[in-house]
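First the structure, in the form of structure tokens, and then the observations on it.
The values are calculated or read from the model by the stated rules, or taken from the named source; none is laboratory data. Owing to the predicted nature of the structure, the values given are computational and were not obtained by experimental measurement. Glycine gets a Cβ as well: all are built from the backbone with ideal geometry, and neighbour counts include every protein chain shown.
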Amino acid sequence: MNDGAFRIDRHRFAVEHFSSRLHWRHGLWLALAFFGSFVLAHAQSDTQRIPSAIGTLFIWLPFILKGFGLNLLMSFIAMACATVLGVGLGLLQISHSRWVSLPAWFITHLFRNSPWLVILFMVMFLVPFEMQVPGLGIVRLPDWVKATFAFSLPVMANISEILRGAVNSIPKGQWESAESLAFTRAQTLRWIILPQCIRRAIPPWMNWYALLALATPMASVLGVREAVGNAQAAMEAAGARPEFLLPFYLFLLCLFFAYIYPIALWTRKLERKYVVAN
Amino acid sequence: MSLQTKSKSPAGADWTADQPIVSLCDVHKSYGSVEVLKGISLDVRKGEVICIIGPSGSGKSTLIRCINGLNDIQKGSIKVEGQEVNDPKLDLLTLRKKVGIVFQQYNLFPHKTALDNVMMAPVLVLKEPKKEVEERARALIAKVRLQGKENAYPGELSGGQQQRVAIARSLAMRPDVMLFDEVTAALDPETVKEVLLTIRELASEGMTCILVTHEMGFAREVADHVYFTDQGVIVEHGPPRQFFTKASDPRTRQFLSQIL
Ligand SMILES: Nc1ncnc2c1ncn2[C@@H]1O[C@H](COP(=O)(O)OP(=O)(O)O)[C@@H](O)[C@H]1O
Ligand SMILES: [Mg+2]
């Protein structure tokens, strides 16, 4: 019981902590640094002869943004899988049968406490790149699909834990009054407990989405053509000039910041609303 | 499923209304190694109102929760309409349709309106037609004097109003026996009255009620029989007139002198 409440608090803390570090000023600083780095890169290069950093970036922009599209796609699919699997795993975790709850507990803690990169490599090597699907013949699994699956595993484990904590944070009186009204355990969960959990679980769920989206560039180490990998390829193609590193990476930073920051703000707002409502 | 229910009913089928509707015999209940109920026996007849009083921690809540199977017992027998509650093969649905309980902390479902709170169990558990249930639920809400509050959420209601919704919610299952566990203990003095009024009406309509209460004036007025418990045993019991004036046990006297 207490453990569950504690976990919720910890999630809340994580969310508060994460989002309180973000501020609109930070975006401004990033943008300033971004443009400053162009000036720097421009000054360092022999003008006229070689294209400037901003010119190169502009040429490669569609390529990088296309990669960012894949980051977003991976984050959406991974989050959807993680939510379905995580809720299922969380429900198994709170089962009264030891034979069900113990394996679920083990899986949850295994994936919660492993480095995402290790999970990514494991999935890459354990999941075959071709699969025999009945009715479809041999289906080739692209690397980005495997990476997406890999990212969904740690988030699944954390959602499982969010669900367990949220269920345990519902007062015992709710279970009792449902029981005395002849609700079965499944009916109680479905109609009384889980609907009350959703509000509490949404902010930590969004927080995990933000972390997931920020983790997707990890797939570039496996050659998945997402934003960071594409930016690196673009720099390579433009002559691998070291003065391009800063502007390119700062651009990536701005890109992700512009996407994640509103989510973080929104999470914090919901979080506050929940605290007030209680 | 239906076969099972049918084969079960003969167990309580020989019960007739002139026998006790609730009958406890030598009930023992322990939490771990701590024995909380040490041999409780009492009978309640149909339409009777009994009050259980006693110091905090004497096992009143535990006793009342055993009657609808929320707590199991280690020894003894509890029968509701002739059906043994302590039977592992008991169909809990049948029992809980017969016995309603209202708790001190109301325990309304906060994400549902007052009307939905009352309708949920009949619709979802008993699978009764929604229209019929809604009609009944509205009538029950009117009965507990909360017309106009049908669409209010529990958070928007006062303690006394919430408690009356909780009573209506229990009544929606059409129970034969109502259990009340210190239902006014968490309320402001002004709202206690309206809840007691509701219970008094129920009692006068012939509902069998088992009340745990600290409202001695109320017990004196509505109870047919008063039981005083201390440390897991019934110390003394009797009709209120006799109980409140001629208590013989020193523990009862001391308790009454503290509370009156
Ligand atoms: N779930 C429980 N686990 C262990 N002990 C309990 C539990 N519920 C109640 N008790 C103990 O049983 C005793 C009787 O409690 P209770 O029935 O709530 O008394 P009352 O309602 O008369 O105040 C108390 O000593 C209490 O600490
Ligand atoms: Mg009590």
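Of the residues that make up the range B:187-208, is at least one within 16 Å of ligand 2 (Cβ to nearest atom) and touching a helix residue (DSSP H, G or I) at 6+ places or on another chain (Cβ under 9 Å)?
Taking every residue of the range B:187-208 in turn, at least one turns out to be within 16 Å of ligand 2 (Cβ to nearest atom) and touching a helix residue (DSSP H, G or I) at 6+ places or on another chain (Cβ under 9 Å).
Can residue B:106 be described as away from chain A (no Cβ under 14 Å) and of a type in the set (Phe, Trp, Tyr)?
Judged against the criteria, residue B:106 is not a match.
Of the residues in the range B:14-39, how many are buried (at least 18 other Cβ atoms within 10 Å of the Cβ) and polar (S, T, N, Q)?
1
With A:127, A:139 as the choices, which residue is surrounded by fewer than 14 Cβ atoms within 10 Å (Cβ to Cβ), away from every other protein chain (no Cβ under 14 Å) and in contact with a Lys or Arg (Cβ under 7 Å, 6 or more places away or on another chain)?
A:127
For residue B:125, only one of the following conditions fails: (1) among the β-branched types (Val, Ile, Thr); (2) touching a Phe, Trp or Tyr at 6+ places or on another chain (Cβ under 8 Å); (3) within 16 Å of ligand 1 (Cβ to nearest atom). What is its number?
(3)
Going through the range B:40-75 one residue at a time, which ones are away from ligand 2 (no atom under 15 Å from the Cβ), more than 20 Å from residue B:90 (Cα to Cα) and surrounded by fewer than 19 Cβ atoms within 10 Å (Cβ to Cβ)?
Matches in the range B:40-75: B:41, B:43, B:45, B:46, B:47.
Restricting to the range B:164-181, what's the tally of residues that are in a helix (DSSP H, G or I), farther than 20 Å from residue B:62 by Cα and within 14 Å of chain A (Cβ to nearest Cβ)?
4
Sort through B:192, B:226 and tell me the only one that's in a strand (DSSP E or B), more than 14 Å from ligand 1 (Cβ to nearest atom) and in contact (Cβ under 8 Å) with a residue 24 or more places away in the chain.
Every option except B:226 fails the conditions.
Given the criteria within 16 Å of ligand 1 (Cβ to nearest atom), within 19 Å of the chain's Cα centre (by Cα) and within 10 Å of chain A (Cβ to nearest Cβ), does residue B:117 qualify?
No: the conditions fail for residue B:117.
For the range A:189-227, which residues satisfy the criterion of being more than 10 Å from chain B (Cβ to nearest Cβ), more than 25 Å from residue A:112 (Cα to Cα) and assigned to a helix (DSSP H, G or I)?
A:227
Out of B:73, B:40, which single residue is within 16 Å of ligand 1 (Cβ to nearest atom) and touching a Cys at 6+ places or on another chain (Cβ under 6 Å)?
Of B:73, B:40, the one residue that is within 16 Å of ligand 1 (Cβ to nearest atom) and touching a Cys at 6+ places or on another chain (Cβ under 6 Å) is B:73.
Looking only at the range B:127-137, decide whether some residue is touching a Pro at 6+ places or on another chain (Cβ under 6 Å), part of a loop (DSSP other than H, G, I, E, B) and either more than 11 Å from chain A (Cβ to nearest Cβ) or modelled with pLDDT under 95 (or both).
Checking the range B:127-137: at least one residue is touching a Pro at 6+ places or on another chain (Cβ under 6 Å), part of a loop (DSSP other than H, G, I, E, B) and either more than 11 Å from chain A (Cβ to nearest Cβ) or modelled with pLDDT under 95 (or both).
Only one of (1) over 21 Å from residue A:78 (Cβ atoms); (2) assigned to a helix (DSSP H, G or I) fails for residue A:182. Which number is that?
Evaluating residue A:182 over (1) over 21 Å from residue A:78 (Cβ atoms); (2) assigned to a helix (DSSP H, G or I) leaves (2) as the failure.
Exactly one condition in (1) surrounded by 20 or more Cβ atoms within 10 Å (Cβ to Cβ); (2) more than 14 Å from every other protein chain (Cβ to nearest Cβ); (3) without any contact (Cβ under 8 Å) to a residue 60 or more places away in the chain is false for residue A:162; which is it?
All conditions pass for residue A:162, except number (3).
Could you list, in sequence order, the residues of the range B:87-106 that are of a type in the set (S, T, N, Q) and within 17 Å of residue A:187 (Cα to Cα)?
B:94 - this is the single residue of the range B:87-106 that is of a type in the set (S, T, N, Q) and within 17 Å of residue A:187 (Cα to Cα).
If residue B:96 satisfies all but one of (1) more than 16 Å from ligand 2 (Cβ to nearest atom); (2) over 22 Å from residue B:163 (Cβ atoms); (3) in contact (Cβ under 8 Å) with a residue 24 or more places away in the chain, what's the number of the condition it fails?
Against the list (1) more than 16 Å from ligand 2 (Cβ to nearest atom); (2) over 22 Å from residue B:163 (Cβ atoms); (3) in contact (Cβ under 8 Å) with a residue 24 or more places away in the chain, residue B:96 comes up short only on (2).
Kindly establish whether residue A:274 is over 21 Å from the mean Cα position of the chain (by Cα), surrounded by fewer than 18 Cβ atoms within 10 Å (Cβ to Cβ), in contact (Cβ under 8 Å) with a residue 12 or more places away in the chain and part of a helix (DSSP H, G or I).
When the stated conditions are applied, residue A:274 passes them.
As an exercise: evaluate residue B:193 against (1) more than 26 Å from residue A:196 (Cα to Cα); (2) within 14 Å of chain A (Cβ to nearest Cβ) and give the number of the one condition it does not meet.
Result: residue B:193 passes all but (2).
Within the set of pairs 6+ apart or on separate chains, which have a first residue in the range B:54-78 that is over 24 Å from residue A:182 (Cβ atoms), a second that is near ligand 2 (Cβ under 10 Å from one of its atoms), and C-beta atoms under 6 Å apart?
Final answer for the pair search is B:54/B:60.
Just a yes or no: is a residue in the range B:142-154 in contact with a Pro (Cβ under 6 Å, 6 or more places away or on another chain), surrounded by fewer than 21 Cβ atoms within 10 Å (Cβ to Cβ), within 14 Å of another protein chain (Cβ to nearest Cβ) and part of a helix (DSSP H, G or I)?
Checking the range B:142-154: at least one residue is in contact with a Pro (Cβ under 6 Å, 6 or more places away or on another chain), surrounded by fewer than 21 Cβ atoms within 10 Å (Cβ to Cβ), within 14 Å of another protein chain (Cβ to nearest Cβ) and part of a helix (DSSP H, G or I).
Only one of (1) farther than 26 Å from residue A:271 by Cα; (2) aliphatic (A, V, I, L, M); (3) part of a helix (DSSP H, G or I) fails for residue A:240. Which number is that?
Unmet for residue A:240, out of (1) farther than 26 Å from residue A:271 by Cα; (2) aliphatic (A, V, I, L, M); (3) part of a helix (DSSP H, G or I): (3).
Please work out if residue B:184 is more than 14 Å from chain A (Cβ to nearest Cβ) and either within 16 Å of ligand 2 (Cβ to nearest atom) or in a loop (DSSP other than H, G, I, E, B) (or both).
So residue B:184 passes the test.
Looking only at the range B:43-65, which residues are touching an Asp or Glu at 6+ places or on another chain (Cβ under 7 Å) and within 13 Å of ligand 1 (Cβ to nearest atom)?
B:54, B:55, B:58, B:61, B:64
I'd like to know if the range B:219-230 contains one or more residues that are within 16 Å of ligand 2 (Cβ to nearest atom), modelled with pLDDT of 95 or more and within 14 Å of chain A (Cβ to nearest Cβ).
No, the range B:219-230 has no match at all.
Residues checked against (1) among the aliphatic types (A, V, I, L, M); (2) crowded, with 20+ Cβ neighbours inside 10 Å; (3) at pLDDT below 95:
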| position | (1), (2), (3) |
| --- | --- |
| A:51 | no, no, yes |
| A:59 | yes, no, yes |
| A:78 | yes, yes, no |
| A:83 | no, no, no |
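Which of the residues belonging to the range A:174-187 are facing chain B (nearest Cβ under 10 Å) and not charged (D, E, K, R)?
Across the range A:174-187, the qualifying residues are A:174, A:175, A:177, A:178, A:180, A:181, A:182, A:183, A:184, A:187.
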